[in-house]
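Participant: Handing you a structure now.
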Ligand SMILES: Cc1ncc(COP(=O)(O)O)c(C=O)c1O
């Protein structure tokens, strides 16, 4: 018999597709995999060099649980430079990815009886972490009509006397949508008045395509600094997903609680990774801009290619590296019935891997990651259009994939 909490949590719904893709690859198929939620770039050279140097210098022992002073200061300095917000070393903890920073936050501030509001379509981990902390997720649905913009009104409407916190992810996975500064200000004023926590997942903070003024940490810091928890990560900004380095910036009290939780689970982030992260945060930021420019070119290319069929409906996303495409016009009760069917048939017949919207609580959509070369994106677009031509020709009539 397993513990009751395991029955509350769902495992990743994207697994089925990944297993099928792996089976096809092993059978020798040329699979175009656009399901990955990670940069396809190698980690920057100066980051790798810092890690090599750390190993050579035998920097391979335990570090303080919350991370080295050097790295905590580098994180605080990065946020001071980027947003003008001031965090002391004691207000920073280094975690194994943004994911651990978020679960630390959830376990530190949510509990039984609490309601925690978040937005969907969204990254499924946020909801699962709320449940893991024995709180109740309250889901606010954003709409494709306005590009899934995350706005204050519906979140404020969802607040009740039991609301404890709001978790916002901006830029958002899978939609690429942002919360505007004005909407965040409205939300923060309301949250401050009610004594709620706001947890802001900034995992994609370096992936915003238009040069709009965008400073959510300052907006929150001015209104409710003590009740703000910022989480970030080296994963997407510096192409460092495998290194497992993220962080939380919050009040001393929250960081101390996260530190206690982490000290009895994973302890410190890998010492070598911490040196690499210092190099990433304090070194030249040119690599970040270059990757952003490349993602922008790819976004524009794949967006134009796909939306040349008006039944693939998608606004050009403002951030992150995903298209979130409404495919419902191609679904029918006597053909491919769901977006999961669509993705499964596309995988089996054309060997393109996408993530069905069902994984993000959004049936009728698929997520396409454009963290892939333009050649692979062109190839994917060709195959998707060929697949749709087959669909139009009735190939999938009365078949559920
Ligand atoms: C919205 C969002 N937040 C946080 C993360 C955490 O990433 P990591 O743990 O690699 O920092 C991810 C990863 O995909 C994500 O999509």
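Every read-out reported here was derived from the displayed coordinates using simple, explicitly stated rules and does not represent laboratory data. The shown structure was predicted, so the numbers you read here are calculated from the model rather than taken from an experiment. Heads up, the Cβs are rebuilt from the backbone with ideal geometry, glycines too, and the neighbour counts pull from every protein chain shown.
Participant: Residue 280 versus (1) within 13 Å of the ligand (Cβ to nearest atom); (2) in contact with a strand residue (DSSP E or B) (Cβ under 9 Å, 6 or more places away or on another chain): which is the lone unmet condition?
Facilitator: If we test residue 280 against (1) within 13 Å of the ligand (Cβ to nearest atom); (2) in contact with a strand residue (DSSP E or B) (Cβ under 9 Å, 6 or more places away or on another chain), just (2) comes out false.
Participant: Which of the residues spanning region 89-136 are surrounded by fewer than 22 Cβ atoms within 10 Å (Cβ to Cβ), away from the ligand (no atom under 15 Å from the Cβ) and in a strand (DSSP E or B)?
Facilitator: 115, 136
Participant: How about region 328-362: which of its residues are in a loop (DSSP other than H, G, I, E, B), over 16 Å from residue 381 (Cα atoms) and within 21 Å of the chain's Cα centre (by Cα)?
Facilitator: 361, 362
Participant: Residues in region 308-327: is at least one more than 20 Å from the chain's Cα centre (by Cα), closer than 30 Å to residue 353 by Cα, touching a residue at least 12 places away in the same chain (Cβ under 8 Å) and crowded, with 24+ Cβ neighbours inside 10 Å?
Facilitator: Within region 308-327, one or more residues are more than 20 Å from the chain's Cα centre (by Cα), closer than 30 Å to residue 353 by Cα, touching a residue at least 12 places away in the same chain (Cβ under 8 Å) and crowded, with 24+ Cβ neighbours inside 10 Å.
Participant: In this structure, is residue 232 touching a strand residue (DSSP E or B) at 6+ places or on another chain (Cβ under 7 Å), surrounded by 18 or more Cβ atoms within 10 Å (Cβ to Cβ) and in a strand (DSSP E or B)? So that I can check it myself, show each step before the final result.
Facilitator: Working: touching a strand residue (DSSP E or B) at 6+ places or on another chain (Cβ under 7 Å): yes; surrounded by 18 or more Cβ atoms within 10 Å (Cβ to Cβ): yes; in a strand (DSSP E or B): yes.
Judged against the criteria, residue 232 is a match.
Participant: Moving to a separate point now. State all residues of region 38-58 that are touching a helix residue (DSSP H, G or I) at 6+ places or on another chain (Cβ under 8 Å), part of a loop (DSSP other than H, G, I, E, B) and surrounded by 16 or more Cβ atoms within 10 Å (Cβ to Cβ); if no residue qualifies, say none.
Facilitator: 39, 43, 44
Participant: Now for a different question. For region 76-88, give me the residue count where each residue is under 28 Å from residue 211 (Cβ atoms) and outside any helix (DSSP H, G or I). Spell out the reasoning first.
Facilitator: Restricting attention to region 76-88, the residues satisfying the condition of being under 28 Å from residue 211 (Cβ atoms) are 76-87.
Still in the running and outside any helix (DSSP H, G or I): 84-87.
The total comes to 4.
Residues checked against (1) away from the ligand (no atom under 15 Å from the Cβ); (2) under 17 Å from the mean Cα position of the chain (by Cα); (3) under 24 Å from residue 285 (Cβ atoms):
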| site | (1), (2), (3) |
| --- | --- |
| 157 | yes, no, no |
| 160 | yes, no, no |
| 175 | no, yes, no |
| 179 | no, yes, yes |
| 203 | no, yes, yes |
| 230 | no, yes, yes |
| 252 | yes, no, no |
| 257 | yes, no, no |
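Participant: For region 117-137, which positions are within 16 Å of residue 166 (Cβ to Cβ) and more than 19 Å from the chain's Cα centre (by Cα)?
Facilitator: Correct list: 133, 135, 136.
Residue-by-condition table, conditions (1) assigned to a helix (DSSP H, G or I); (2) surrounded by 17 or more Cβ atoms within 10 Å (Cβ to Cβ); (3) touching a helix residue (DSSP H, G or I) at 6+ places or on another chain (Cβ under 8 Å):
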site	(1), (2), (3)
273	yes, yes, yes
279	yes, yes, yes
289	yes, no, no
299	yes, yes, no
306	yes, yes, yes
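Participant: Can residue 188 be described as in a helix (DSSP H, G or I), under 25 Å from residue 95 (Cβ atoms) and under 22 Å from the mean Cα position of the chain (by Cα)? Full working, then the answer.
Facilitator: On the way: in a helix (DSSP H, G or I): yes; under 25 Å from residue 95 (Cβ atoms): yes; under 22 Å from the mean Cα position of the chain (by Cα): yes.
When the stated conditions are applied, residue 188 passes them.
Participant: Based on this model, can you work out whether residue 208 counts as touching a strand residue (DSSP E or B) at 6+ places or on another chain (Cβ under 8 Å), within 16 Å of the ligand (Cβ to nearest atom), over 24 Å from residue 314 (Cα atoms) and in contact (Cβ under 8 Å) with a residue 40 or more places away in the chain? Give the steps one after another, and end with the answer.
Facilitator: Numbers: touching a strand residue (DSSP E or B) at 6+ places or on another chain (Cβ under 8 Å): yes; within 16 Å of the ligand (Cβ to nearest atom): yes; over 24 Å from residue 314 (Cα atoms): no; in contact (Cβ under 8 Å) with a residue 40 or more places away in the chain: yes.
For residue 208, the condition - touching a strand residue (DSSP E or B) at 6+ places or on another chain (Cβ under 8 Å), within 16 Å of the ligand (Cβ to nearest atom), over 24 Å from residue 314 (Cα atoms) and in contact (Cβ under 8 Å) with a residue 40 or more places away in the chain - is not met.
Participant: Can you name the residue in region 138-153 that is within 16 Å of the ligand (Cβ to nearest atom) and buried (at least 19 other Cβ atoms within 10 Å of the Cβ) and is also nearest to residue 197 (Cα to Cα) among such residues?
Facilitator: Across region 138-153, the extreme among qualifying residues is 150.
Matching residues to (1) within 16 Å of the ligand (Cβ to nearest atom); (2) closer than 17 Å to residue 367 by Cβ; (3) touching a strand residue (DSSP E or B) at 6+ places or on another chain (Cβ under 7 Å):
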| site | (1), (2), (3) |
| --- | --- |
| 309 | no, no, no |
| 315 | no, yes, no |
| 323 | yes, yes, yes |
| 328 | no, yes, no |
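Participant: Now, a different point. Among the residues of region 154-185, write down those that are surrounded by 20 or more Cβ atoms within 10 Å (Cβ to Cβ), touching a strand residue (DSSP E or B) at 6+ places or on another chain (Cβ under 7 Å) and in a helix (DSSP H, G or I).
Facilitator: 155
Participant: Among all residue pairs at least 6 apart or on different chains, which show Cβ distances below 7 Å where the first residue, located in region 148-172, is closer than 13 Å to residue 190 by Cα and the second is part of a loop (DSSP other than H, G, I, E, B) and more than 13 Å from the ligand (Cβ to nearest atom)?
Facilitator: 163/196; 164/110; 164/114; 164/135; 164/196; 165/110; 165/196; 166/196
Participant: May I ask you to verify whether residue 76 is more than 16 Å from the ligand (Cβ to nearest atom), crowded, with 19+ Cβ neighbours inside 10 Å and in contact (Cβ under 8 Å) with a residue 60 or more places away in the chain?
Facilitator: Numbers: more than 16 Å from the ligand (Cβ to nearest atom): yes; crowded, with 19+ Cβ neighbours inside 10 Å: yes; in contact (Cβ under 8 Å) with a residue 60 or more places away in the chain: yes.
Here the answer is yes, as residue 76 does meet what is asked.
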